[in-house]
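Below is one structure, written out as structure tokens, with a few remarks after it.
The values are calculated or read from the model by the stated rules, or taken from the named source; none is laboratory data. The shown structure was predicted, so the numbers you read here are calculated from the model rather than taken from an experiment. Every residue, glycine among them, receives a Cβ derived from its backbone with ideal geometry; neighbour counts consider all protein chains shown.
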């Protein structure tokens with residue numbers, strides 16, 4: 001009896017854990033239990049993290065929103081005679097001529113000033129859609145690259161490589177934008193009406209990838225993800241990656257925090273999950289769909305993925321001032337369509353699509369359940385203790 005009591009006590013305090021290989025073996029056998037982040041958040045209303053860990057293997061997360069820091073590497077192949085392309089335009093949009101002879105990087109926000117509503121994001125989408133685009137390039141002419149000008153048609157069928165490479169995607173959290181001035185402001189957070197008549201935000205909330213794994217325990221270099229309709233990879237921490245943001249009582253970073261750099265093969269992508277867009281009087285941007293699977297390795301991760309919109313706070317930023325943070329709000333309040341702040345009711349609207357995010361999470365769930373998508377452990381973790389540095393004030 002004495003030995004039984006000791007053994008029972010050991011079992012009670014034993015913390016269950018799983019490995020990537022154990023979960024992948026379940027995926028290969030079609031036995032993995034996969035839920036979306038919204039589904040597991042609902043489960044958490046009646047279950048403790050330990051119970052969730054016992055029942056669930058993988059949680060799928062997703063987001064679909066405007067991500068300006070995106071683009072594509074293209075290699076056109078050589079003409080005869082060859083040209084060293086030093087100035088390049090695609091459909092009239094100037095793109096980089098600084099990548100050797102016939103390579104370029106098309107930035108999502110590249111545009112022709114004479115046609116500011118069309119830009120790099122549209123070029124990338126049209127290539128994915130199978131369209132032919134006009135390539136025109138100029139070079140000074142050299143002994144090995146004698147040609148000085150070329151004008152031709154290109155498509156994904158004719159060029160050598162097309163690689164989506166996005167330096168900063170899937171922000172962990174983002175400030176809510178309002179405008180306290182007496183004039184309308186046109187920003188990357190959309191059109192902000194005067195005297196705080198509206199508030200815009202951009203996050204999938206409890207479905208968002210980095211809000212379900214806020215310390216990036218399972219997300220790092222080499223993590224396989226859903227990227228614009230195909231499998232892609234996290235290739236580095238995103239630019240402006242910031243670990244120093246304050247945490248709320250639930251351990252959620254508030255404001256603009258961590259980001260991901262991601263990469264994938266454009267030929268396998270779908271424009272359903274990658275769209276060129278134009279924000280009035282701001283410029284071109286690109287909507288990107290990302291889904292990240294989170295393996296439930298232990299109780300801590302089971303607790304993290306149980307987060308609900310009412311537990312996710314973010315700051316309210318006045319875009320009419322000098323970037324002042326003037327309050328905070330949670331995503332349940334934002335999703336209601338209206339918040340009360342400073343004695344007034346303010347209409348809220350998302351810049352990201354929850355409908356698309358839910359679709360991405362469901363597709364990723366289906367891939368995993370069918371054994372078409374296995375999980376990869378990061379080969380390099382994300383940084384810790386890193387803070388964001390800005391430009392110094394030079395008093396110019």
Being buried (at least 17 other Cβ atoms within 10 Å of the Cβ) and touching a helix residue (DSSP H, G or I) at 6+ places or on another chain (Cβ under 9 Å) is the filter here, so list the residues in segment 160-176 that pass it. 162, 164, 170, 171, 172, 173, 176
If you take the residues in segment 204-226 that are out of contact with any helix residue (DSSP H, G or I) (no Cβ under 9 Å at 6 or more places or on another chain) and surrounded by 18 or more Cβ atoms within 10 Å (Cβ to Cβ), which one is nearest to residue 42 (Cα to Cα)? 210
Any hit, segment 39-48, residues being under 21 Å from residue 140 (Cα atoms) and either without any contact (Cβ under 8 Å) to a residue 40 or more places away in the chain or in a loop (DSSP other than H, G, I, E, B) (or both): no
Out of 198, 179, report the one residue that is surrounded by 22 or more Cβ atoms within 10 Å (Cβ to Cβ) and either modelled with pLDDT under 95 or over 23 Å from residue 273 (Cα atoms) (or both). 179
Given 291, 323, which one is surrounded by fewer than 23 Cβ atoms within 10 Å (Cβ to Cβ) and either farther than 26 Å from residue 179 by Cα or assigned by TED's automatic domain parsing to the domain that holds residue 351 (or both)? 323
Can residue 312 be described as under 26 Å from residue 374 (Cα atoms), at pLDDT 95 or above and crowded, with 19+ Cβ neighbours inside 10 Å? no
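Condition check ((1) over 26 Å from residue 162 (Cβ atoms); (2) without any contact (Cβ under 8 Å) to a residue 12 or more places away in the chain; (3) surrounded by fewer than 21 Cβ atoms within 10 Å (Cβ to Cβ)) across all residues:
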site	(1), (2), (3)
233	no, no, yes
242	yes, no, yes
245	yes, no, yes
251	yes, no, yes
259	no, no, no
263	no, no, yes
270	no, no, yes
278	no, no, yes
Could you tell me whether segment 208-230 includes any residue that is under 16 Å from the mean Cα position of the chain (by Cα), within 17 Å of residue 334 (Cβ to Cβ) and assigned to a loop (DSSP other than H, G, I, E, B)? yes
State yes or no: is residue 357 under 20 Å from the mean Cα position of the chain (by Cα) and surrounded by fewer than 19 Cβ atoms within 10 Å (Cβ to Cβ)? no
Considering 364, 375, 301, which residue is touching a strand residue (DSSP E or B) at 6+ places or on another chain (Cβ under 9 Å), assigned to a helix (DSSP H, G or I), in contact (Cβ under 8 Å) with a residue 24 or more places away in the chain and over 24 Å from residue 247 (Cβ atoms)? 364
Given the residues 192, 207, which is the only one that is within 23 Å of residue 374 (Cβ to Cβ), in contact (Cβ under 8 Å) with a residue 24 or more places away in the chain and assigned by TED's automatic domain parsing to the domain that holds residue 304? 207
Within segment 184-194, is there a residue that is modelled with pLDDT of 95 or more, crowded, with 19+ Cβ neighbours inside 10 Å and in a loop (DSSP other than H, G, I, E, B)? yes
Of all strands (runs of 3 or more DSSP E) fully inside segment 66-151, the set with 3 or more residues that are surrounded by fewer than 21 Cβ atoms within 10 Å (Cβ to Cβ) is 115-119, 133-138
Just give me the residues in segment 73-87 being out of contact with any helix residue (DSSP H, G or I) (no Cβ under 9 Å at 6 or more places or on another chain) and closer than 22 Å to residue 266 by Cα, in sequence order. 73, 75, 76, 77, 78
